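Below you'll find the structure, written out as structure tokens, and then a few comments.
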Amino acid sequence: MSRVLKKQKIAENTFLIDVEAPEIAKKIGPGQFVIIRTKPRTEGICVPVGMVKRNSITIVVKGEKSKMMLNYKKNDHLNDVVGPIGNRANVEEVENVCLIADSYGIPVIYNLAKMYKENKIPIAIVIGEKSKRFLYWEDKLKDLADKIYVFTEDGSRGEKGTVPFHLRNLFYEHIFELAIVSGSPAFMHEVSNFTRQRVKTKAIVNPLMIDPIGLSGTCRIRVDEKIKFAAIEGPEFNAHSIDFEEFVARVGKGYE
Amino acid sequence: MNNLESKRKGIFEEAERSLSREEAAKEASRCLKCQNPGCVAGCPASIDIPNFINCISCGNESSALKIINKSSNLPFACSRLCPRERMCEGKCSEVLEKPIGIAGLERYAYENAQPEKIHPKKKPKKVAVIGSGPAGLSCAEDLAVMGYDVTLFEALHSAGGILRCCIPNFRLPHRLVDDYLIYLASLGVKLINNAVIGRLITLPELKKKYSAVFIATGSTLPTYMNIEGEHLQNIITANEFLYRINVIEQHLFDSKNELFSPKRVVVVGGNDSAIDAARMAVRLGSSATIIFQKSFNELEASYDNVSRAREEGVKFLMLSLPKRYTGASKMECVEVIQMKSEEDELGNSVSVEIADSEFMEQAELAILSLGTTASPIVVSQANINHNLRGNIFVDENLMTSAEGIFSGGAVTGASTVVESMCLGKKAAISIDRYLSEQKKEVELKND
């Protein structure tokens, strides 16, 4: 059982939960996830971790899954918090890095940005969503990035348009050595299609991990024509080697 | 739907009852007490079978269980899960018209005996056991009985390994696993769930805190055929299907989910997990068909499981191999090609495809049970020799390439519950010897 220290709605259908997990907090690194189960007899859901404190971790629960957090309040307990899931992302020795995310990937790139900033590697951050209603942590990311770009499809925040649309201009004006994308499957697919033959791109994927050890095979993903398990070999893969069409067909466009 | 099929639907409890006192005594009295008992040779745990059967025929169940427990830690599991036709009962005297029902008698002894109370003499050394499947459980029990301070780490939220995750309640009631865990706790074994060793705690960190470590992480990762359409949404592994039902109990609160309410299910594979998944699907109200590329006699599953599945109405499509799955985002059909058995140059039976024999089998759910490989999470950060399939290499004492780290069970290649249990027991003896020798070395140095 893990105690909820804080619950906050940070965007539409998006809750930030600060949960007591001292052992996981000691070990979790950028790019890793945790699996939570709210009560017995429920399916585990895999969620990204944002801030990590000494005794607690901050998880972000989004979309349809966030409904199970509606009635949660401070001092309630989550039945299980298991992690870290997947391998820790390592710093690549590059000149600069462009971190790209939609609202599902913001916590992931937040931790990557912290890691690259500590290593003094210049960071550009691109976040995009349908509307500003879904966006959060822009200020936190701004503090970490050398430059931040925000795009919304309805123009309610930042420039109007999709991320792949704006990446065209951005990649024309700037040269990046590495791009890292995290977010919903369809978003990662579009970004990866755009960056192919332009810049080396990594994707941090979350393909429905329901158990922490790859036992059920739900976390499988085809990379370089081979089946890989995100919980074991991932969650970071070369984006251009991932069969995103198959991935989106299996998991769906979002994580709902 | 035949009678048994309609009876089984919705029944997740064990159907086979245990023997009555009279039935057990009658069955036990048939034993010939052979000079060279084939049953003992056929049992991977070498249980003194004629002796325990003799105790049952004398009405002394507790002595019978005592004899069983000398060689086996999990009689409640082995009596239900062992492929007995290939083990003890398969080696029973040919003089008898039919072999003695040894498994039934073992179960009878377990259920009717008074368990012994054990008060281990405590030893100061700490041992970590990773994985709470048959190997981990039996190693933990034996070490705890020897007096060691044992901590059992389990990655999932509920312990039992394959006994809990993969084997359905109707074949092995999960309350028996719970009872066994309570017994382990009474011996002082500490169980830590939700602890993914290799991520939350690395093996080198564990080795610093414990005098010895036993890795029994099993064979967990599913394998795939890598054929067209295998990614489609309603194609899942037997591991996932059984995990969702056995551990999450999702069929109880999410019964409308398409995984638990399909009309037709195809199960690909011929092992016990495949049969278990098909029998479970029947209980959920589906019609289930097993597709297996070899002949009926070559099914890897135990005879008991297969014959129960047939009685319950599971269909068997033998000598058939899936070629591809069709459908837009969801699988609608599986294209199957027929096979024939032939002998290769070495005289082994092999299945070869019959040209132009493809046909389509419609289904709303496909469950894949194509075998598993070991997960490399635990050993990846430690310098432990293992092969490409993740199986750990061990010496004759089950010690890995790292000193003080032992391994056994499916992760070292065991294929049945009873074999894993035996390796767990063997590891406990090796760990005890290793720690005793360490103690002697320290004493010699001090002298």
Using just the helices of chain A, give the 222 nm mean residue ellipticity in deg cm²/dmol: DSSP H runs with n ≥ 4 each add -39,500 (n - 2.57), and the total is spread over all residues, rounded to 500. -6500 deg cm²/dmol
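Under the classification rounded if a/c is under 1.5, otherwise prolate if a/b is larger than b/c and oblate if not, where does the stretch A:8-158 fall, given a ≥ b ≥ c as square roots of the Cα gyration tensor eigenvalues?
Judged from the Cα gyration tensor, the stretch A:8-158 comes out oblate (a/c at least 1.5, b/c at or above a/b).
What does the helix-only formula give at 222 nm for chain B: each DSSP H stretch with n ≥ 4 adding -39500 (n - 2.57), the total divided by the residues, and the result rounded to the nearest 500 deg cm²/dmol?
My calculation for chain B gives -10500 deg cm²/dmol from helical runs alone.
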Relative pair counts by distance (%), Cα atoms of the stretch B:39-171, 10 Å bins: 12, 35, 35, 16, 3, 0
Equivalent ellipsoid semi-axes - Cα gyration tensor, the stretch A:65-144, angstrom: 28, 18, 11
Greater than 28 Å apart at Cα, pairs in A:LYS202/B:LYS256; A:LYS67/B:LYS256; A:LYS73/A:LYS140; A:LYS147/A:LYS200; B:LYS190/B:LYS256: A:LYS202/B:LYS256; B:LYS190/B:LYS256
Under the classification rounded if a/c is under 1.5, otherwise prolate if a/b is larger than b/c and oblate if not, where does the stretch B:19-112 fall, given a ≥ b ≥ c as square roots of the Cα gyration tensor eigenvalues? rounded
Label point 7 Å out from A:ASN193 along Cα-to-Cβ: which residues of the stretch B:208-243 have amide N under 14 Å? none
Angle in degrees between helix B:272-283 and the longest Cα principal axis of chain B, rounded to the nearest 10: 60 degrees
Mind checking the stretch B:377-435 for GluC sites (Glu not before Pro) that DSSP puts in a loop (not H, G, I, E or B) and that have at most 11 other Cβ atoms within 10 Å? B:GLU396, B:GLU403
Give me, ordered by chain and number, the residues 5 or more places off B:ARG264 or on other chains with an amide H under 5 Å from its own placed amide H. B:SER287, B:GLU364, B:LEU365
For the stretch B:167-224 and the stretch B:34-86, compute the distance between their C-alpha centroids and round to whole Å. 26 Å
Modelled label-to-label distance, A:ARG41 and B:GLN362, 7 Å Cα→beta-carbon offset: nm? 3.5 nm
Length-normalised contact order of chain B in % [C-alpha pairs under 8 Å, at least 6 apart]: 17 percent
Does the protein assembly as shown classify as rounded, prolate or oblate by the C-alpha gyration tensor (a ≥ b ≥ c root eigenvalues; a/c under 1.5 gives rounded; else a/b over b/c gives prolate, otherwise oblate)? prolate
Using only the Cα atoms, work out Rg/Rh for chain B, with Rh taken as the Kirkwood radius, to two decimals. 0.99
Mind putting a number on the dipole of the protein assembly as shown about its Cα centre? Charges go on the C-beta only, +1 for Lys and Arg and -1 for Asp and Glu, and I need it in Debye to the nearest 20. 2460 debye
With no solvent and one equal point scatterer per Cα, compute the Debye intensity ratio I(q)/I(0) for chain A at 0.08, 0.11, 0.16 Å⁻¹ and report its log10, rounded to two decimals. -0.28, -0.54, -1.22
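Taking the convex hull of the Cα atoms, report for the stretch B:222-372 its projected area averaged over all directions, in nm². Let's see the in-between values first.
On the way: hull surface 37.1 nm².
Mean projected area of the Cα convex hull: 9.3 nm².
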To one decimal place, what orientation-averaged projected area in nm² is obtained for the convex hull of the Cα set of the stretch A:171-243? 4.9 nm²
Per-residue Cβ neighbour rank within 10 angstrom, fewest leading, B:MET360, B:MET331: B:MET360, B:MET331
Coarse-grained scattering of the stretch B:74-122 at q = 0.15, 0.32 Å⁻¹, given as base-10 log I(q)/I(0) from a Debye sum over alpha-carbon atoms: -0.51, -1.16
Placing +1 at every Lys and Arg Cβ and -1 at every Asp and Glu Cβ, with all other atoms neutral, what dipole size does the stretch A:97-251 have around its Cα centre, in debye to the nearest 20? 160 debye
For the residues B:ILE162, A:ILE232, what sequence is obtained by ranking on other C-beta atoms within 10 Å, fewest first? A:ILE232, B:ILE162
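Every number here is computed from the coordinates shown, using simple stated rules; none is lab data. On a predicted model such as this, the values are computed, not experimentally measured, just so you know. Here the Cβ is made from the backbone with ideal geometry for all residues, glycine too, and neighbour counts use every protein chain on show.
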